[in-house]
Amino acid sequence: MDFLLIAVFLVGAAIRLSSLVVSKRHEAALRRDGAVEHGALNTRLLAFAHVFYYVACLGEGIARATRFDAVSLTGFGLYGAAILMLVWIVRLLGPIWTVKIMIARDHVVNRHWLFRTVRHPNYFLNILPELIGFALIFHAYVTLVVGLPVYLVILVIRIRQEEAAMRDLFSAKD
């Protein structure tokens, strides 16, 4: 396996760990202000699925003795765009962005054009391209074909939980 691919894995893991640090900081402030978490079990399942997916991509890449090539470069471009989207979304949501479903006492819906145009941009413009790109980097086609659908089941449940929490919040304010 290419040293470059090991470096990509380590950088990817570091990026995700740094996003967790930001999330934990935001979560602590939200909890101090009375925010409530929804879907805690699903959040843990998503975290497990994300870690498992990354490790499966690396394992498959090692098993295939993958070399960084045009497919890997395509995946790297997709992955890079997904991470840039993550950074943008974190900046747009600011202190209410977490990896958990946290509903603040004074929760306000973000009206930025991105959120009006794309429903759940964090999932559809960050997470899904990230996972597809990561699999392509490592030529992890089995992980892509088997792991991504499993991840999607957990993600669909997450989206439904998030929408229900927001619906409950805003119906209570009417």
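The values are calculated or read from the model by the stated rules, or taken from the named source; none is laboratory data. No experiment lies behind these values; they were computed from the predicted model shown. For accessibility, only protein heavy atoms count, side chains too; no ligands or nucleic acids. Shrake-Rupley method; radii C 1.70, N 1.55, O 1.52, S 1.80 Å.
State whether the residues of segment 61-74 include one that is under 17 Å from the mean Cα position of the chain (by Cα) and modelled with pLDDT of 95 or more.
no
Output the number of the condition that ARG158 fails; it satisfies all remaining conditions of (1) under 21 Å from LEU20 (Cα atoms); (2) open to solvent by 20 Å² or more (accessible area, probe 1.4 Å); (3) basic (Lys, Arg).
(2)
Of everything in segment 141-154, what is open to solvent by less than 40 Å² (accessible area, probe 1.4 Å), more than 12 Å from the chain's Cα centre (by Cα) and not hydrophobic (A, V, I, L, M, F, W, C)? Give them in sequence order.
Matches in segment 141-154: THR143, GLY147.
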